[in-house]
Amino acid sequence: MFDQPQFHDTGFFLSDDHADLKARARHMAETVARPAAAHTDQSEQYPHAVVSQMTAGGFMGMSVPADLGGPGRSCFEIVLVVEEFARCCGVSGRIAVEGNMGALGAVLAYGTDAQRKMVAQHVLAGDKPAICITEPDAGSAATEMTTTATRDGDDWVINGTKHWITGGGVSQVHLIFARVVEDGVFKGIGGFLAFRGDAGLTVDAREPTMGLRGIPETTLHFNDLRLPEDRLITPPEGIKHGFSGLMNAYNAQRVGAATVALGLAQAAFELACAHVKTREQFGRPIAEFQGLQWMLADMATQIDAARMLIWRAAKSAEMLPSGFPDLMLAAKAKVFASEMAVKVTNDALQLHGAAGYSRNAPIERIVRDARMFTIGGGTAQMLRNLIAGHVLDMKTPQTRGGYL
């Protein structure tokens, strides 16, 4: 523990508990996640051993409330942990996000007591839930999904295909978004809980990804996947407008994704600083050259700016009735942090010269891992559209007539 609140260079004070949580996360990330990072990337295998230790350390299911057996941590506290794991391993950072936010957040906010208990037990045991929204022809335009959930007596029968599902084949819990049809009438988009092994849920091809290779990105097929009525999660707005409620959980997911990007950028920056101090050219450390100093100064500034946007967005969750971060603050944090990470990691590689281009160097992996975050969880362009709509106080063309 620390004797007094810790002043962070963002201008935030961290309480004793926050500082202790951050320190514990850093220790586990340094001793468990970092040593496994290169092997996870090269083998393209899910890091079960790392996740097992993260679970034992209390870093999975941190958002689960005390009445369900969890610590009931805030979004801000989760962000502190995610950055530490991402700084050491992008895959571990992303698992920390999805083991605490995303699908779990949606179920905790809108699920029945039985649904919340069921999912909480899985996550506290180490499962990373899969949120199933994207389809081959419905990415940014999520409301154009074609997967259907048709009522059949007391059951729902789901048919369709989802693509780019993070954790497919690994995750136990699946939150499937589908078009709800009753008596041939489209009612809206709902979320349905399914579990690995349910008859009719099939894991298909895995995408060979550029980065974050330790988490499978797969195609899922639903062929007459029959689920009982109580697997439907219904926000207070009801099915017709429930999609926007369920998507509130994505505000936290976006803040989490931004934080992974931040952690990767921080790691790249630290590697670059260490390298320029020891690499000599023309008889002196290259850190003495002003052109490189300015690159590092810009990197430091951009990282701090991203961290402040992320922390502000995370803190907003504590002030909103939904319990999720503010939509606009989350979008701004995600856009800025994801693009910052691409630039900072690439600049860090540049400062390494040819040595950074080698697959033997961790910076090469970090550059590849960072590239995903301007795409996944809402592309930078779509989020700019979202922000612009708010700035202009108008619906932009891609949202008119939709369900957002």
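The values are calculated or read from the model by the stated rules, or taken from the named source; none is laboratory data. Model, not experiment: these values are computed from the prediction. Cβ placement follows ideal geometry from the backbone for every residue including glycine, while neighbour counts extend to all protein chains displayed. What goes into the accessible areas is simple: the full protein's heavy atoms, side chains included, and nothing from ligands, DNA or RNA. Shrake-Rupley method; radii C 1.70, N 1.55, O 1.52, S 1.80 Å.
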Practice task
Give segment 174-193 a look and list any residue that's aromatic (Phe, Trp, Tyr) and more than 24 Å from ARG116 (Cα to Cα), or say none.
Solution key: PHE186
Exercise for the section: Could you please find all residues in segment 276-301 being surrounded by fewer than 12 Cβ atoms within 10 Å (Cβ to Cβ), aromatic (Phe, Trp, Tyr) and over 36 Å from the mean Cα position of the chain (by Cα)? Expected result: PHE282
Practice task
Considering each residue of segment 133-170, count those that are hydroxyl-bearing (Ser, Thr, Tyr), open to solvent by less than 20 Å² (accessible area, probe 1.4 Å) and under 20 Å from ARG231 (Cα atoms), and give that number.
Solution key: 1
Exercise for the section: Sort through GLY402, GLY376, GLY389 and tell me the only one that's assigned to a loop (DSSP other than H, G, I, E, B), modelled with pLDDT under 95, more than 30 Å from LEU296 (Cα to Cα) and open to solvent by less than 60 Å² (accessible area, probe 1.4 Å). Expected result: GLY402
Problem - Subset tally (residues that are aliphatic (A, V, I, L, M) and either open to solvent by 10 Å² or more (accessible area, probe 1.4 Å) or over 10 Å from the mean Cα position of the chain (by Cα) (or both)) for segment 76-99 - result: 6
Practice task
Kindly indicate whether PHE282 is at pLDDT 95 or above and touching a strand residue (DSSP E or B) at 6+ places or on another chain (Cβ under 9 Å).
Solution key: no
Practice task
All but one of (1) farther than 30 Å from GLU270 by Cα; (2) buried (at least 22 other Cβ atoms within 10 Å of the Cβ) hold for LEU124, so report the exception by its number.
Solution key: (2)
Practice task
Answer yes or no as to whether ALA274 is free of Cβ contacts under 8 Å to residues at least 40 places away in the same chain, in a helix (DSSP H, G or I) and closer than 26 Å to LEU14 by Cβ.
Solution key: yes
Problem - ALA297 at negative phi, part of a helix (DSSP H, G or I) and in contact (Cβ under 8 Å) with a residue 12 or more places away in the chain - result: no
Practice task
Take THR40 and decide whether it is open to solvent by less than 30 Å² (accessible area, probe 1.4 Å), modelled with pLDDT of 95 or more and among the hydroxyl-bearing types (Ser, Thr, Tyr).
Solution key: yes
Problem - Set GLU217, GLU229, GLU237: member being open to solvent by 60 Å² or more (accessible area, probe 1.4 Å) and closer than 30 Å to PHE76 by Cβ - result: GLU237
Handout entry: Residue that is modelled with the lowest pLDDT, among those in segment 240-268 that are among the polar types (S, T, N, Q) and open to solvent by less than 10 Å² (accessible area, probe 1.4 Å)
Key = ASN251
Practice task
Looking only at segment 60-67, decide whether some residue is in contact with a helix residue (DSSP H, G or I) (Cβ under 7 Å, 6 or more places away or on another chain) and closer than 15 Å to ALA33 by Cα.
Solution key: yes
Practice task
Specify which of the listed residues (ALA267, ALA317) is touching a Cys at 6+ places or on another chain (Cβ under 6 Å) and assigned to a helix (DSSP H, G or I).
Solution key: ALA317
Fill in the blank from the handout: Within segment 187-207, residues open to solvent by 60 Å² or more (accessible area, probe 1.4 Å) and over 24 Å from the mean Cα position of the chain (by Cα) come out as LYS187, GLY197, ALA199
Handout entry: Subset of segment 106-121 (residues that are touching a residue at least 24 places away in the same chain (Cβ under 8 Å) and open to solvent by 10 Å² or more (accessible area, probe 1.4 Å))
Key = LEU108, ALA109, TYR110, GLY111, THR112, ALA114, ARG116, LYS117, MET118, GLN121
Practice task
Name the one entry in ASP347, ASP369 that is among the acidic types (Asp, Glu), in contact (Cβ under 8 Å) with a residue 40 or more places away in the chain and within 16 Å of HIS275 (Cα to Cα).
Solution key: ASP347
Practice task
Scan segment 312-320 and give yes if some residue there is out of contact with any helix residue (DSSP H, G or I) (no Cβ under 9 Å at 6 or more places or on another chain) and either of a type in the set (A, V, I, L, M) or modelled with pLDDT of 95 or more (or both), otherwise no.
Solution key: yes
Practice task
Read through the list (1) open to solvent by 60 Å² or more (accessible area, probe 1.4 Å); (2) of a type in the set (A, V, I, L, M); (3) at pLDDT below 95, then give the number of the only condition that MET210 fails.
Solution key: (3)
